[in-house]
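One structure is given here, and the rest of the page talks about it.
The values are calculated or read from the model by the stated rules, or taken from the named source; none is laboratory data. It should be emphasised that the depicted structure is a prediction, and the values quoted were computed from it without experimental measurement. Heads up, the Cβs are rebuilt from the backbone with ideal geometry, glycines too, and the neighbour counts pull from every protein chain shown.
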Amino acid sequence: MRYQISGKQIDVGDALSTHVKDHLGETVEKYSQRPTDATVIFSRNAHEFICDSVVHLSTGLTVQAKGASTEIYAAFEQCRERMDKQLRRYKRRLKDHYKDRAEPVAFEQADMYVLAADEDEWETQANGPQPMIIAEMETRVPTVSVGEAVMQMELAGSPMLVFRNEKHGGVNVVYRREDGNVGWIDPRNLN
């Protein structure tokens, strides 16, 4: 597994890097034998150290966890425990979904835009006010089943996921509703 361990305004020493590689590798490999890379970022917020980690698995899943504590090692341990809990919770689902999959999940590139949130920053054109584009990026859109999309959204800790439905090839969206349930948008039946 490839590791990228860095700090925002913090010097991450060799001892901490070795500790992260040993313990994070042990945690991830306990539940999945095919991790590809891990990104661990340490930062500081007032008196707390914050550890953000993202692990990409060869199956296409992304697992994300965050921990915070007054000690840097304790912040990492909290982050690692949360990742362990997520992977443990989804161990059966991971096995069930991927036991028959011969190849990793296919991804397509898609454009992603970040629009200005404040209406004062919108441009006025002939058609009325238009939002100003703040950032243009590329994102990956997986081709998975609805169940796998929900699992990937929950493991990544994101509020929504755009994916291509492997049954019919259409673009779908799953999202976390305000009531805590998961919503699914399948626009193929819209005219």
Kindly indicate whether any position in the stretch 113-132 is modelled with pLDDT of 85 or more, within 19 Å of the chain's Cα centre (by Cα), within 30 Å of Met83 (Cβ to Cβ) and not in a loop (DSSP other than H, G, I, E, B).
-> no
Considering only strands (runs of 3 or more DSSP E) wholly within the stretch 147-191, the ones with at least 3 residues that are touching a residue at least 12 places away in the same chain (Cβ under 8 Å), surrounded by 16 or more Cβ atoms within 10 Å (Cβ to Cβ) and among the hydrophobic types (A, V, I, L, M, F, W, C) are 160-165
